Amino acid sequence: MRKIIIAGNWKMFKTQAESLDFLKELLPKIADDHEEREVVLCTPFTDLGLMSKSLHGTRIRLGAQNIHWEDEGAFTGEISGSMLTEMGVRYVIVGHSERRQYFGETNATVNQRLKAAQRHNLIPILCVGESKAQRDAGETEAIIFEQLAKGLVDIDQNALVIAYEPIWAIGTGETCDAIEANRVIGLIREKLTNKNVTIQYGGSVKPANVDEIMAQPEIDGALVGGASLEAESFARLVKHV
């Protein structure tokens with residue numbers, strides 16, 4: 001049975017005070033709606049401790065935005081799996097396109113981070129996707145299949161979420177057509193040994209298009225950026241038809 005997961009990725013937004021204000025507004029809006037759906041907030045590291053306490057007893061699971069592959073060491077600015085689990089983190093984003101584009105993330109380091117997450121009983125959300133140039137060149141499938149083949153080496157697919165995020169649709173307001181997103185996610189599923197892995201779509205998901213996206217048979221949820229920063233819009237995504 002594939003689980004529906006709506007995850008918000010706050011990226012580098014929200015102070016601790018702002019995160020508390022967000023929760024006060026969000027929680028009443030989603031308290032009794034579609035409780036079978038998993039709701040996740042992936043916050044900046046500075047918010048994790050406070051969010052962990054504030055989310056206790058709610059339906060929302062806590063997520064982080066990155067994890068280092070070593071358990072400890074001289075890695076200035078990095079965060080280990082044990083540091084995350086100590087704060088009650090359940091999910092962690094791995095291989096987001098912004099990490100690949102701006103911070104030198106490769107398929108090899110993505111694989112190491114995935115292994116670290118699972119070693120610490122965290123569920124990684126593996127991000128895969130193509131750039132505009134790659135799509136225009138007809139390389140979408142080849143790029144994604146390579147990301148999967150190299151990223152999933154020795155990874156337990158029973159403790160995994162995948163997010164298809166076409167890079168050209170992230171933060172641009174341009175959304176991949178729902179039918180096309182469904183097609184690509186179907187191709188991703190064909191490459192998995194566990195066909196019940198939750199596969200999300202990520203890329204300018206918003207209240208105006210979430211119903212159409214989530215109506216697609218292969219799409220099991222959404223990894224949301226901008227629309228997760230406002231309680232009203234994020235609640236609408238959780239409560240999609």
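A short reminder: the numbers here are calculations on the coordinates, not readings from a lab. Just so it is clear, the structure is predicted and the values come from calculations on it, not from any experiment. For neighbour counting, all protein chains shown are included, and Cβ atoms are generated from backbone atoms with ideal geometry for every residue, glycine included.
Residues whose amide H lies under 5 Å from that of ILE93, counting only those 5 or more places away or on a different chain, are ALA64, GLN65, ASN66, ILE125; hydrogens are built 1.01 Å from N in the peptide plane. Using the average count of surrounding beta-carbon atoms within 10 Å as a protection proxy, the listed peptides 79-90, 220-231 rank, highest first, as 220-231, 79-90.
Here the chain is assigned +1 on the Cβ of each Lys and Arg and -1 on the Cβ of each Asp and Glu. Its dipole about the Cα centre then comes out at about 320 debye.
Derived scalar couplings between HN and Hα for the range 160-165 equal 8, 10, 10, 10, 8, 10 Hz in order, rounded to whole Hz, by the Karplus curve 6.51 cos²θ - 1.76 cosθ + 1.60 (θ = phi - 60°), x for Gly and Pro.
3J(HN,Hα) couplings calculated from phi for the range 120-130 with the Karplus curve 6.51 cos²θ - 1.76 cosθ + 1.60 (θ = phi - 60°) are, in sequence order, 9, 6, 9, 9, x, 9, 7, 9, 9, x, 10 Hz; Gly and Pro show x.
Each of GLY95, VAL184, VAL197 was scored by the projection of its Cα onto the charge dipole of the chain, and the greatest displacement toward the positive side belongs to VAL197; charges sit on the C-beta of Lys, Arg, Asp and Glu. For the range 23-176, the relative contact order is 19 percent, taking Cα pairs closer than 8 Å that sit 6 or more residues apart in sequence and dividing their mean separation by the residue count.
Shown is the FRET efficiency for ASN121 and LYS150, computed with R0 = 22 Å from the Cβ-Cβ distance and rounded to the nearest 0.05: 0.40. From most to least packed by mean Cβ count within 10 Å, the peptides 186-195, 173-182 give 173-182, 186-195. Near THR15: Cβ cut-off under 12 Å, other residues only, Lys/Arg at +1 and Asp/Glu at -1. The net charge is -2. Distant-in-sequence amide contacts of VAL197, defined by a placed amide H-H separation under 5 Å and a gap of 5 or more residues or a different chain, comprise nothing.
Residues of the range 31-67 with amide nitrogen under 19 Å from the 7 Å Cα-to-Cβ point of ALA17? It comes to 44-51, 54, nothing else.
Bridge orientation summary for the chain: considering DSSP beta bridges with both residues in this region, about 0 percent are antiparallel.
With contacts taken as Cα pairs under 8 Å at a separation of at least 6 residues, the range 96-207 carries a relative contact order of 28 percent.
Each peptide in 130-139, 56-65 gets a packing score, the mean of other Cβ atoms within 10 Å over its residues, and the list from highest to lowest is 56-65, 130-139. Computed over Cα pairs, the Kirkwood radius of the chain leads via Stokes-Einstein (1.002 mPa s, 20 °C) to a diffusion coefficient of 120 µm² per second.
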